[in-house]
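Q: Structure in structure tokens, see below.
The values are calculated or read from the model by the stated rules, or taken from the named source; none is laboratory data. Small disclaimer: the values here were computed from a predicted structure and weren't measured. Because the Cβ atoms are built from the backbone with ideal geometry, glycine has one as well, and the counts that use them run over all protein chains shown. Remember, those area values only see protein heavy atoms, side chains included, never the ligands or the DNA or RNA. Shrake-Rupley method; radii C 1.70, N 1.55, O 1.52, S 1.80 Å.
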Amino acid sequence: MMMTTAAEGVVVKFPSFKITNTNPTLANRRFSTVRFGSRRLSSSSSISVVSSVSSSIVNEDEPKLGPVSLGHSTRPHFPILHQVLRTIMKAYNSNVHRGIHFLSVKATNEYELARKKVATFINASESSEIVFTRNATEAINLVAYSWGLSNLTPEDEVILTIAEHHSAIVPWQVVAQKTGAILKYVSLTDDEVPDTAKLREMLSKKTKLVVIHHVSNMLASVLPIGEIMGWAHDVGAKVLVDACQSVPHMVVDVQSLNADFLVASSHKMCGPTGIGFLYGKSELLSVMPPFLGGGEMISDVFLDHSTYAEPPSRFEAGTPAIGEAIGLGAAIDYLSGIGMQKIHDYEVELSNYLYESLLSVPNIRIYGPKPSRTVGRAALCSFNVEDIHPTDIATFLDQQHGVAIRSGHHCAQPLHRYLGVNASARASLHFYNTKEDVDDFVRALKDTVSFFSSFK
């Protein structure tokens, strides 16, 4: 099973230690395993999804079996990525944009093809609107240091929500300290969703930027980004969208949203780590100064000054993560072969099943909105169980049941403080999970709760 953020085959283990086993059947119990990759999903629509995948992917070896993963950082094994990276190393392991020899030209073509794939995937108007970065964090910092330092002045306002990832808060705190801009935060409604009505009220001519997530990585709430974009533009503000939790799970169309900036990470898209991207409207990127200086981002260098390349090269100083970018392109091929709308529809079903199943766990508190016909949740649940620390839950699930989930503050400390807790456990799902995976997880969680409750 999978859960929080992205994808990978090996489950990260805690340091090995013994846990007193109050359930004698556990000692001889085999870890629950889930077959990833070309396997049967649980709904009839998902079966056709898998058949379309297997026909569109280069003959993948059978993925390895592994512990149930409900955390996207402990993600399943995708052989296609290994094939791509092996091919790069063997056939055209060269730098890009520099040489005229075959290897460099081949690497450059594949690297730029990956950029075009990203642009097509999110429907950018042109591939030059896609800037490769190390991750979404760097993409946000790029906007903060390039656009933010150039455009924000004292008393200008930047609006965020208390549910933002630290990567969407800290860069703007730094910029605010340097520019005198004011950060304003939107709190939650009683349903534990960022209060978009309040956000609309807070917008004014002083607002220069709205920084907001599309899908909360802790609450699972989905925000009406198109509407927010319209409200912000009405007062002349720009909008930066953290789409890390939406781009891998649903159709995201930057032209339809009229997004100014949007960021996402490869590792949440079944791709390699170490690569992410920034989408920026061409008219914005073209007037932004460089974020980093060095090779590739220049036009001409003199001893007393330099001139800069056009975007996206202007923002990609030095040797880029070539193999990772091409791997991201392969992951996009993989997701596109399934179909993002099919993935989203299937995950909506799984999301509701996960939420309803967790309600059967004693003394559980699930954060975020309750799903309904009008309120959608992403396929994740953050939760706590009364009087049991979430890291104890995660450790027992891993060591005793082979189920991998996330525990901690999920890079959302302000949100946790608002909710009155220091940490939570989080289970996240993706298209390769099934209702059977959820059942295995909930059974394991109930056993975990029973184990810790026995000491009370």
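Q: Which members of the stretch 143-173 meet the condition of being under 17 Å from Ile212 (Cα atoms) and of a type in the set (Val, Ile, Thr)?
A: Within the stretch 143-173, Val143, Val158, Ile159, Thr161, Ile162, Ile169, Val170 meet the criteria.
Q: Return only the number of the condition from (1) modelled with pLDDT of 95 or more; (2) within 23 Å of Thr189 (Cβ to Cβ); (3) outside any helix (DSSP H, G or I) that Ala427 does not satisfy.
A: Here Ala427 clears every test but (2).
Residue-by-condition table, conditions (1) under 21 Å from Gly376 (Cα atoms); (2) without any contact (Cβ under 8 Å) to a residue 12 or more places away in the chain:
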position	(1), (2)
Gln177	no, yes
Ile182	no, no
Ser187	yes, no
Lys206	no, no
Ala220	yes, no
Leu223	yes, no
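Q: Can we say Ala404 is farther than 14 Å from Val449 by Cβ and in contact with a His (Cβ under 6 Å, 6 or more places away or on another chain)? Steps first, answer last, please.
A: On the way: farther than 14 Å from Val449 by Cβ: yes; in contact with a His (Cβ under 6 Å, 6 or more places away or on another chain): no.
No: the conditions fail for Ala404.
Q: Just to be sure, is Tyr418 part of a loop (DSSP other than H, G, I, E, B), under 23 Å from the mean Cα position of the chain (by Cα) and surrounded by 15 or more Cβ atoms within 10 Å (Cβ to Cβ)?
A: no
Q: Continuing with this model, one more query. Provide a single number: the residues in the stretch 171-211 that are within 21 Å of Gly420 (Cα to Cα) and of a type outside the set (D, E, K, R).
A: Qualifying residue count for the region: 7.
Q: Okay, moving on. Which one is nearest to Asn384 (Cα to Cα) among residues in the stretch 226-244 that are in contact with a strand residue (DSSP E or B) (Cβ under 6 Å, 6 or more places away or on another chain) and open to solvent by less than 20 Å² (accessible area, probe 1.4 Å)? It would help to see each step written out before you state the result.
A: Within the stretch 226-244, the subset in contact with a strand residue (DSSP E or B) (Cβ under 6 Å, 6 or more places away or on another chain) is 229, 232, 235, 237-244.
Still in the list and also open to solvent by less than 20 Å² (accessible area, probe 1.4 Å): 229, 232, 237, 239-241, 243-244.
On the way: Met229: 34, Ala232: 35, Ala237: 38, Val239: 33, Leu240: 31, Val241: 28, Ala243: 26, Cys244: 24 Å.
Taking the candidates together, the pick is Cys244.
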